[in-house]
Every structure is written in C-alpha cells, then in structure tokens.
Amino acid sequence: MIHIKDRILSLAFLLLSIVFLLAAPEQAQASGSMVLKISTPAVPGDWHAEMLKVFREELERTAPGEFDVQIYLNGTLFNQGAEPAQMKRGNLEMALVSMQDIAKQIPEYSIFTAGYLIRSPEHQKAVFYGEIGQEVVSRVTEVMDIHLLSVAYLGTRQLNLRKFRLVKTPADLKGVKLRMPGSKAWQFLGEALGASPTPMAFNEVYLALKTGTIDGQDNPLPTNQKAKFHEVTEQIVLTSHLVDGLFLSISDKAWTKLSLGQQQKVVAAARKAADFNDENRIRDEKNLLDFFRSAGLKITEPDVEAFRSHVQNAYLNSEFSKDWPEGLLNRINAAESGAASRR
C-alpha cells in the first residue's frame, strides 16, 4: 500500500513538474524585463554616471517591470570608443556616444567636432533637439544602426596658461606652446586658436606645465580642477572654444523591439537624465570660477567673437570642411538657444 502511495506521489510530482516547466517560459515572458546594458568610461560620481541612474529610475517609475537597466562604469564592459561597433553587432544595448565616434563613420559630421560651432549648452540642445538633430538621428541610424536619444553636456574647454598674458584675439597666442590631444583634428584646433599646438599625453601635462615644457593646456574647468592644474598655472582664459557633448544612445536592434509607447518612455527618460547632467555640470562650472580665483588664478575674458570668426574661417579653408553638407554651418549658427522642439 505504501509502495502504491509512493508511486502516486511520484507521479503527481512529475506531472506538476511538467506543468511548471511548460508554464515557466510563458510566465518568464509575462514577468520578464528587457535588458538594457549601458557601457560608459565615466567614473562613479561623475555627472555622466549619475545621469544613468536617473535614466534607470525614470523608467522604473514610468514603465515598472518593463526594463532591466544595467549600468557598467569605468569601461568595465567595453573600452571607450568600442561601444558603437558592439551596439551594431547586438552585444550592447546602450552607451554614451561622442560626435567624434560618429564622425569616424560619417565624415560630414566632423563639422560637429569643430571649434566654436556650438556656443553653449542651450545652443547644443537647440541644434540637436531641433530639425538638424532629427536629420542627424536619421543619418546615424541609417549608417551606424544606433538611435540617438538625448544629448548631454560634456563641458566647455577653456585655455589654461602657465604664465599670465593679455589675450584678446588669436594673435595674442602666437608662439604659445599649447598642449592639445595628439590627433590631427585636435592639433588643427590648437593651430586655429592661434597657438603652437603640442601633442602630449594627458598624464604628462601637470609636470610639463610645472617645468615649462609647455605654456598652457585646454580642458573643461572640472577637468582642470581634478587634475590640479591650478597648482602650476596662473591664468584661465575663457575662450569657450569647444562646447562638447555626449549622446545617450540605444542600438537600433534594441530600439525596434520596443513598442511605440516604450520608445516614448525611453526618450523621455533619456531627456530627463540629460537635463539632470546639464544642470549639475553647468552649476559646477560656474562655481569653479570662484574656486580658481580663490586659488590665485586670474580669470580673463577675450574677444570671443574674434576667436570664433578666426577659428571658423580656418576650418572653412581646411580639408575638414570638404565633407560638410552645404549650408549646414549657417543653419547651426542660426539655431536659437531654447527654440528647440522637444520631440
């Protein structure tokens, strides 16, 4: 009798197991979340890292249970610059992509890496959230299989000089050994500013400033502070020669899996995250001017329009502009801050 009962219990357990296994995929599909892995070289505490948390939290609020946003900082998932290729291959759903990354595959968009193109974070939004931005989104999707969701302010690059000098126009930088990143595009920008660009690795800049190997360097103010360049320089010239940004992006493979409603929620979350970044980064930049003044640096303002005209003319007469779409420069210059359409 006991033997029969054991067989009945075993059979019942087997039947329940089969029912569970058959139902499991359906239950998993019903309760499962779409994984969105985000790869970035940003370090913890950086506003670009914090904005990704905002993105995740906003999706948890507006689309509870629909997404599993996984954030990978410090380039632990993929090296910086490798993200676009990994997104196209389907190995990565999301990343912060630079216009420098995009211009490598779409040469005409090297225009967006030019000095004095974008005037401010507000102008940046006006350009990339308006008609021009819609064209960029379509073109990038077509060529790179990446969908740009929002643009996040990276920072405005300023000149940082070892010794004080009066700087009003590019002519005043003649002979200044200005460290710039080593690529051809960066060296051209340094030359267009009127200086003598000097290629040098970032980790060598502090000592080079201290010893006088170079006369200056350029970076956004937060970078200057973190690198302690204020210890070995006397002046910051607010040339604002490059307003840079990063695009929170999603692979087209992941994008096309979303319903229209989900796409709208993802875009809204990305815009909210970018706004969070911009607000905090702009505030930090403003506060840092007081920090540098307290550190003994002189903060000076040149004739920015003279710099802008000189630099843009240099680009227009260079090989870089050969691929630029006709009329795009004028359209970008004409974009009004705050006039962008919030798609």
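Nothing in this text is a laboratory measurement; each read-out follows from the coordinates by a stated rule. All figures in this text were calculated on a predicted structure; none of them were measured in a lab. Note that each Cβ is placed from the backbone with ideal geometry, even for glycine, and that neighbours are counted across all protein chains shown.
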Near the amide H of SER98, under 5 Å away, which other amide H atoms are found, from residues 5 or more places off or on another chain, if H is placed in the peptide plane?
PHE247
What angle do you read, to the nearest 10 degrees and between 0 and 90, between the alpha-carbon axis of helix 2-31 and the longest principal axis of the chain?
30
Determine the shape class of the range 93-134: with a ≥ b ≥ c the square roots of the Cα gyration tensor eigenvalues, call it rounded for a/c under 1.5, and otherwise prolate if a/b is greater than b/c, oblate otherwise.
oblate
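Rounded to the nearest 5, what is the percent of antiparallel bridges among the DSSP beta bridges in the chain?
On the way: 23 of 40 bridges.
Among the beta bridges of the chain, antiparallel pairing accounts for roughly 60 percent.
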Residues of the range 157-199 with backbone N under 14 Å of the label point set 7 Å from the Cα of LEU238 along Cα→Cβ are 157-159
Note: ARG165 to ALA82 extended length (0.36 nm per residue) minus current alpha-carbon separation gives 25.8 nm
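Is there a pair in LYS104/LYS265; LYS53/LYS226; LYS125/LYS265; LYS168/LYS286; LYS88/LYS257; LYS104/LYS163 whose C-alpha atoms are over 26 Å apart, and which pairs would that be?
Working: LYS104/LYS265 30 Å; LYS53/LYS226 23 Å; LYS125/LYS265 19 Å; LYS168/LYS286 21 Å; LYS88/LYS257 14 Å; LYS104/LYS163 36 Å.
Over 26 Å Cα-Cα: LYS104/LYS265; LYS104/LYS163.
Net charge near HIS123: determine it from the other residues with C-beta under 13 Å of the C-beta of HIS123, scoring Lys and Arg +1 and Asp and Glu -1. Mind dumping the intermediate values first?
On the way: positive: ARG119, LYS125, ARG308, ARG331; negative: GLU122, ASP244, ASP278, GLU336.
Taking every Cβ under 13 Å from that of HIS123, the sum is 0.
Over the Cα atoms of the chain, what is the Rg over Rh ratio if Rh follows Kirkwood? Intermediate results must be reported in sequence, preceding the final value.
On the way: Rg = 25.3 Å, Rh = 22.4 Å.
Rg divided by Rh gives 1.13.
Please find the FRET efficiency linking GLN187 to ARG61, where r is the Cβ-Cβ separation and R0 is fixed at 41 Å, and quote it to the nearest 0.05. Write out the running numbers ahead of the final one.
Values: r = 46 Å, r/R0 = 1.12.
That gives a FRET efficiency of 0.35.
Over the Cα atoms of the range 164-212, compute the convex hull volume and normalise it per residue, giving Å³.
Working: hull volume 3.3 nm³, N = 49.
Measuring per residue, one finds 68 Å³ for the Cα hull of the range 164-212.
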Enumerate the calculated ³J(HN,Hα) couplings along the range 307-320 in order (Karplus 6.51 cos²θ - 1.76 cosθ + 1.60, θ = phi - 60°), each rounded to whole Hz, writing x wherever the residue is Gly or Pro.
5, 4, 4, 5, 5, 5, 5, 4, 5, 4, 9, 10, 5, 5
Mind running the shape call on the range 233-343? Use the C-alpha gyration tensor, a ≥ b ≥ c as the square roots of the eigenvalues: rounded below 1.5 for a/c, prolate if a/b tops b/c, oblate otherwise.
oblate
Take the Cβ-Cβ distance between ASN330 and ASP68 as r, set R0 to 41 Å, and report the resulting FRET efficiency rounded to the nearest 0.05.
0.40
Taking only the C-alpha atoms, wrap a convex hull around the range 172-240 and report its volume per residue in Å³ as a whole number.
85
I need LEU77, LEU178 ordered by Cβ neighbour count within 10 Å, fewest first.
LEU77, LEU178
Euclidean distance of C-alpha centroids, the range 53-90 and the range 241-277, integer Å
10
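Multiply the residue gap between GLN100 and LYS257 by 0.36 nm, knock off their C-alpha separation, and tell me the result in nm, one decimal place. Don't skip to the end; give the middle numbers.
Details: separation 157, 0.36 × 157 = 56.52 nm, distance 2.76 nm.
Extra length from GLN100 to LYS257 when fully extended: 53.8 nm.
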Sum up the charges of everything whose Cβ sits under 13 Å from the Cβ of HIS230, counting Lys and Arg as +1 and Asp and Glu as -1, but leave HIS230 out.
+3
